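S.K.: Structure provided below as structure tokens; questions to follow.
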């Protein structure tokens, strides 16, 4: 197997897991951050809204950049934002970092789908 395709597949798997794993963690997040489960669920909403708004805008703005550079920067943004969202103690900062992590993930997912298929 080509290692480049393997990296793209792993990146897509991580993004998909990141999308859905938070739903199972909502009770723990709400306890840890002293918010209700409904408020903690807004992390999923913010994640989806950031994707819906950001993907077309940033896709258009960065269409002339080299794909390899864009993919590496996107992976770094996604990893750093998720690492920061894991260590923050306030809900507002977690909301910001989850939304920011989505700004890296739509490039990874889109480039991976274009390359693999």
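S.K.: Taking residue 16 as the residue in question, decide whether it is surrounded by 12 or more Cβ atoms within 10 Å (Cβ to Cβ) and in a helix (DSSP H, G or I). Write out each step before concluding.
M.R.: On the way: surrounded by 12 or more Cβ atoms within 10 Å (Cβ to Cβ): yes; in a helix (DSSP H, G or I): yes.
Considered against the rule, which asks whether it is surrounded by 12 or more Cβ atoms within 10 Å (Cβ to Cβ) and in a helix (DSSP H, G or I), residue 16 comes out as yes.
S.K.: Another question, then. How many residues are assigned to a helix (DSSP H, G or I), modelled with pLDDT of 80 or more and over 11 Å from the mean Cα position of the chain (by Cα) if we restrict to region 86-117?
M.R.: Count: 8.
S.K.: Taking residue 59, is it within 21 Å of residue 8 (Cα to Cα) and within 16 Å of the chain's Cα centre (by Cα)?
M.R.: Numbers: within 21 Å of residue 8 (Cα to Cα): yes; within 16 Å of the chain's Cα centre (by Cα): yes.
So residue 59 fits the description; yes.
The values are calculated or read from the model by the stated rules, or taken from the named source; none is laboratory data. Keep in mind that what you see is a predicted model, and the values were worked out from it rather than measured. Here the Cβ is made from the backbone with ideal geometry for all residues, glycine too, and neighbour counts use every protein chain on show.
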